[in-house]
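These notes concern the structure reproduced below.
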Amino acid sequence: MFPTNPTQIKNSTLLILAALFSRQAVAGLPEKAYVAQLKAANLWVAKRKAESAPRDQALSSQLLTRLYGRYYEVGDTWTVAAWQLEHGMMRMTGDLKRTQSQVGHGGIFKYLVTDVKTGSQPQVVIQITQIEAWGIKPVDPNVQFLELKMNDSLLQSEKTYRLGTGPKSQLRVVSPNGIHTEISPLELYPLDTPEVSFSNQVPPKAPALPKEVEAFATQAGLQLNFANSLQFQQDDFFGRPVSVIWESGKPWPSYLRTQNGIALLLDGSNL
């Protein structure tokens, strides 16, 4: 019998995904077997999300229009600075300073809307490339780009990496549902579409930034307009906290914090 309680669903899902995607198992899988397991795991997560999540649990086109002022169009572009968080609970030490979460390597990422389809099966495609700016080098030079495909609710339906260069480059499909593999360090950065629900809206307030991120924000001249922002606090499907601050008229959250890391929206004047 399938679990129906949201907590039970999350726990059951985590056990199944742990079995399917242990590092040793993924590393030794042939490509076809890897893709088959990935599809099976994604179907499981997608089904449980649909059964357990409220209907407004995704960033819908209606919400995007309210936040951004319109729906995405081909050619829309924005830039994000993102940092991975290395969690202290994973360190085998009793030193309190070393068990606190630390900011890992940062990266600068260019988002570009490459395709928008309407009709009975609407779709948005966003391509993410790494750029060098502010003295920050690409996180993974082996990745040409990361491509996200989303439906009208901006729920990711596909996530693909283009690895390598020239004739030897290859496309690798990974999970759009937060199931991480070792394909690239970028898997551990908060680059994906955030889940946003109006039911989880909270009064806007300044987030507490790690000193490294705060120093970058000061250098880049970033200032959040809280009087013209919406803030959301919620858990993702796996019960991990997510914090989103979205300024009106912006195409992407100005601030996004997930279990993986922190992302800040930049604009053209910051580069």
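Listed by position, the strands (runs of 3 or more DSSP E) inside the stretch 128-214 whose residues that are open to solvent by 30 Å² or more (accessible area, probe 1.4 Å) and modelled with pLDDT of 90 or more number at least 2 are 143-150.
Of the residues making up the stretch 227-264, those that are of a type outside the set (A, V, I, L, M, F, W, C) and part of a loop (DSSP other than H, G, I, E, B) are 236, 239, 240, 248, 249, 250, 251, 253, 254, 258, 259, 260. Picking from residues in the stretch 53-105 that are β-branched (Val, Ile, Thr) and modelled with pLDDT of 90 or more, the one that is surrounded by the most Cβ atoms within 10 Å (Cβ to Cβ) is 80. The residue pairs whose first member lies in the stretch 121-142 and is over 17 Å from residue 108 (Cβ atoms), whose second member is part of a loop (DSSP other than H, G, I, E, B), and whose beta carbons are closer than 6 Å, counting only pairs six or more residues apart or on different chains, are 122/152; 124/72.
Applying the set (1) part of a loop (DSSP other than H, G, I, E, B); (2) at pLDDT 80 or above; (3) under 20 Å from the mean Cα position of the chain (by Cα) to residue 222 leaves exactly one unmet item: (3).
The values are calculated or read from the model by the stated rules, or taken from the named source; none is laboratory data. Everything numeric here is computed off the predicted structure, so don't read it as measured data. So basically every Cβ, Gly included, is an ideal-geometry build from the backbone, and we count neighbours across all protein chains shown. For the accessible areas, the whole protein counts, side chains as well, though only heavy atoms, and no ligand, DNA or RNA atoms are used. Shrake-Rupley method; radii C 1.70, N 1.55, O 1.52, S 1.80 Å.
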